[in-house]
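Following: one structure in structure tokens, then a few remarks.
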Amino acid sequence: MQISMNPWVWIGVFFTFSVLSFLYKDNPFYKLAEHVTVGVSIGYGAVIIYFNSFIPRFYQPVFQDGRIELIIPAILGLMMILRIVPKYSWLSRYAICFTVGAGSGMAIPRSMQASVLRQLEATMLNLSFTSGEGINNIIIFVGVLTVLIYFFFSKEHKGVFGGAAKVGIWFLMIGFGATFGYTVMARLSLFIGRVLFVLRDFLGIGLAG
Amino acid sequence: MIQIDRRIIYLIIALAMILPFFFQMGLPIPITKEVKDIYDYIETLTPDDVVILSADYSPSVEPELSPMFDALFRHCLKNDIKVIAMSLYIEGPGLIAPMIQEAATDYKKVNGVDYAFMPWVIGYSIVVMNMMENINRAFPTDYYGTAISELPIFQNIKNFEDYDLIVSFTGSSAYGLWLTFGHEPYGVTLATGVTAVSAADLYPYIQSGQFLGMLGGLKGAAEYETLIDEKRMATMGMEAQNWAHVIIILFIIIGNIGHIAISRQKKARS
């Protein structure tokens, strides 16, 4: 065991325990860690945006290369910021309109293709009881159909329709169960990350892989 | 028993996760098809091929995703495949920089020749679209400020036609940006490494063939480490995770037994 002499590691350990102390109960150390996280994130973001974006993508092209057309998006950006000035906040709507319009135009056709049409295509499968793949395809087909029936609310869920909706609920529950299991796994992984940091980086304990 | 203080449960789970780091039992890590497919695909690539590894995540999910990035980066370097490391997230480059340096030193690879490290650029979907059309437009310089036109690795890398695989590591829906603006319009091969929370959402895209494969959570990273025979961060954590799962399952069983017993007592009284 060899305790780290790196002050940044000590700060990391302090904030790790400050955050974990919330599991016992809310306390000033947790609050401090929370506020520092927000402050550092914003400060880090502002500096990176300034040096990686504002300077090379606006300041240098406009003032050194003479690309004055870039002033137009800069004005839109300023209009967006005017949201914090009540008297001129209405100007931000024009910038938002431009962003929403351009963003929707770019994303909608491609998202339709990627997330709707291709997914529909993936449910058009060869169904058979003679092979493992065929049985899997039947499960996918029945799952898609019954879950869609469950979300169809214009007809009362009764009789055959109600039975199909119930099967749909079972598919949904299995899906939620899998998601919950994965979520537990994810949260544990985050804790494992902190344990590794404290044991290996701070205490310098050699751990077997 | 049903009214046990939640802090005692936290303590038991914490112990179940800390002790395995000292008493390893060497539990097996079975390989899933989704992980093996990515490994097999990279094995088919040649030294002239290009893999883009995009670390689209922030520190909040770093323990899950960094081991994946590390394992894939090392696999590519080991096979002399050209790698472009980048991030659509502002915190990404800072998180992967130490792993890139360590792996490059281990495999004696040179920045700008064997791999490239790109800086964060604002724009998310715009960055992806620019990369597909012209990488120089998306990244005029690398992470260290060198113009990419001066880097030997970019002599034959211009646009989507030169990318043999793109892997997005993400704890959000950033994989959707690569899918929507990369795979669908340009047909580039995609794979992803996601946090366990997102893993269940990815299966429809794997089944449809839009993603080649997926690394799901720490388990996915540990599987990949096993495949490349480099047991590092993820493998270390898997034993702790297995024991925590056992404890949680036991708690769920005990909790349900307690719930059923109380319900029966209430029924009997009424």
*Return only the number of the condition from (1) modelled with pLDDT under 95; (2) more than 10 Å from chain B (Cβ to nearest Cβ) that residue A:199 does not satisfy.*
(2)
*Just need a number here: residues in segment B:31-59 that are without any contact (Cβ under 8 Å) to a residue 12 or more places away in the chain and not hydroxyl-bearing (Ser, Thr, Tyr).*
1
*Of all residues in segment A:1-39, how many are surrounded by 11 or more Cβ atoms within 10 Å (Cβ to Cβ) and within 18 Å of residue B:58 (Cβ to Cβ)?*
8
_Test result for residue A:205, in contact (Cβ under 8 Å) with a residue 12 or more places away in the chain and not in a helix (DSSP H, G or I)_ = yes
_Within segment B:156-174, take every residue that is in contact (Cβ under 8 Å) with a residue 60 or more places away in the chain and within 14 Å of chain A (Cβ to nearest Cβ) and give me the one that is surrounded by the fewest Cβ atoms within 10 Å (Cβ to Cβ)._
B:172
*Could you look through segment B:181-205, keep only residues that are surrounded by fewer than 24 Cβ atoms within 10 Å (Cβ to Cβ) and under 14 Å from residue B:34 (Cα atoms), and pick out the one that is nearest to the other protein chains (Cβ to nearest Cβ)?*
B:200
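The values are calculated or read from the model by the stated rules, or taken from the named source; none is laboratory data. Quick caveat: nothing in here was measured; it's all calculated off a predicted structure. When we count neighbours, we look across all protein chains shown, and the Cβ atoms used for this are built from the backbone with ideal geometry, even at glycine.
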